[in-house]
């Protein structure tokens, strides 16, 4: 495993983190979820990324599953070797205090998350999305309060654009609780953070961590010929649908897969390596089986790209 310094902080994160967005709900097979997490930790993945509503439609069930796995398999000594993060921002419960960026919602949500996971604190607590209906000062003061209460060691933001990122970092710096990291979607099929966003993150001295680096499985070879029954689309995912697999995208996947084979990698491995070629601190993978974790971690065996390879990839992605 490779560990990268997170912005200007002293914290290092593994180049590959494990996300529990999928495959850890109460409707998933517990023994499989347990095996995935144990294999990840065994391979040096020390960062586990959650959110209050992961496990949807059974919101919170991913945190409960994670808590069960921790209690069954790991000691407090093991906990000190882990970086555990969770988030709040999207809708979690009914009524006026169940989403957004208010102090009321963020403090209550984290208290619930800690209870579900059986933890005294998380290492990173994120505000999951910018909320235009709440003054940014209130949201950032809530994050500052949470650190001062000892419920989180660091705070971060997620899905914040360049201007909101800059303002949030400035407020947190003035409060004495600097922002650690910004979590954003980034993949070969989603390059919106290139340019201004990454420049702001770097200027503010914060880390950048990418979610859906494999475009929820589209940047693998699994959909080239058909839709497997055990894939996200095959299982009727809430977030990925059959109409997301266009002929144009599959043609790009086929061409990218050919380059990956030339590099001695699977397409998934090349896509992760491509994400990590620049200033990213870490990429968050999802996995439905241990073999996927192993395959993804092996991406670190070849992170170098020639200019010719990068040019060919850019041509395909246009």
Worksheet item: Pick the calculated Rg and Dmax of the Cα atoms in Å for this structure from (i) 21.8, 66; (ii) 19.0, 54; (iii) 19.1, 63?
Response: (ii)
Practice prompt. Among DSSP beta bridges lying fully in the range 118-210, give the percent that are antiparallel, nearest 5.
Written response: 10 percent
Item to complete: Give me 93, 21, 274 ranked fewest to most by other Cβ atoms within 10 Å of their Cβ, as a rough exposure proxy.
Response: 93, 21, 274
Worksheet item: For the chain, modelled as a Gaussian network with Cα springs under 10 Å, which listed residue fluctuates most, 11, 272, 110?
Response: 11
Item to complete: Kindly express, to the nearest 10 degrees and within the range 0 to 90, the angle between helix 61-73's C-alpha long axis and the longest C-alpha principal axis of the chain.
Response: 90 degrees
Fill in: Nitroxide proxy distance, nm - points 7 Å out along Cα→Cβ at residue 262 and residue 202
2.7 nm
Response to the item:
Label model pair residue 224, residue 190: point-to-point distance (7 angstrom along the Cα→beta-carbon line) in nm is 2.4 nm
Worksheet item: So which residue, out of 279, 190, 244, gets the largest mean-square fluctuation from a GNM of the chain using Cα contacts under 10 Å as springs?
Response: 244
Response to the item:
Per its Cα gyration tensor (rounded if a/c is under 1.5, else prolate when a/b beats b/c, else oblate), the range 5-89 is best filed as oblate
Discussion item. Out of all DSSP beta bridges in the chain, what portion is antiparallel? Express it as a percent rounded to 5.
Written reply: 15 percent
Worksheet item: Which of 54, 130, 77 comes first, and how do the rest follow, when ranked by fewest Cβ neighbours within 10 Å?
Response: 77, 130, 54
Practice prompt. Rounded to the nearest 10 degrees, what's the angle between the helix 307-317 long axis and the longest principal axis of the chain, both from Cα atoms, 0 to 90?
Written response: 80 degrees
Item to complete: Mind checking the full-extension length gain between residue 91 and residue 58? Use 0.36 nm per residue of separation minus the Cα-Cα distance, one decimal, nm.
Response: 10.6 nm
Worksheet item: Share of Cα-Cα pairs in the range 75-208 beyond 23 Å, in percent?
Response: 32 percent
Worksheet item: Any idea what the relative contact order of the chain is, in percent, if you count C-alpha pairs under 8 Å spaced at least 6 apart?
Response: 19 percent
Discussion item. Using alpha carbons only, how many angstrom separate the centre of the range 175-202 from the centre of the range 75-118?
Written reply: 22 Å
Item to complete: Only helical DSSP H runs with n ≥ 4 go in: add -39500 (n - 2.57) per run for the chain, normalise by residue count and round the 222 nm mean residue ellipticity to 500 deg cm²/dmol.
Response: -12000 deg cm²/dmol
Discussion item. How would 270, 188, 1 line up from fewest to most surrounding beta-carbon atoms within 10 angstrom?
Written reply: 1, 188, 270
Practice prompt. Just the number, please: percent antiparallel of the DSSP beta bridges in the range 1-96, rounded to the nearest 5.
Written response: 40 percent
Worksheet item: In percent, how large is the relative contact order of the range 1-157, given Cα pairs closer than 8 Å and 6 or more residues apart?
Response: 18 percent
Worksheet, complete the sentence: Largest fluctuation, 116, 79, 141 only, Gaussian network model of the chain with Cα springs under 10 angstrom, belongs to 79
Worksheet item: If one takes the longest principal axis of the Cα atoms in the chain, at what angle in degrees, from 0 to 90 and to the nearest 10, does the Cα axis of helix 30-42 lie?
Response: 90 degrees
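No value in this document is a laboratory result; all are computed from the given coordinates. Bear in mind the structure is a predicted one, so any value in this text is a computation, not a measurement. Because the Cβ atoms are built from the backbone with ideal geometry, glycine has one as well, and the counts that use them run over all protein chains shown.
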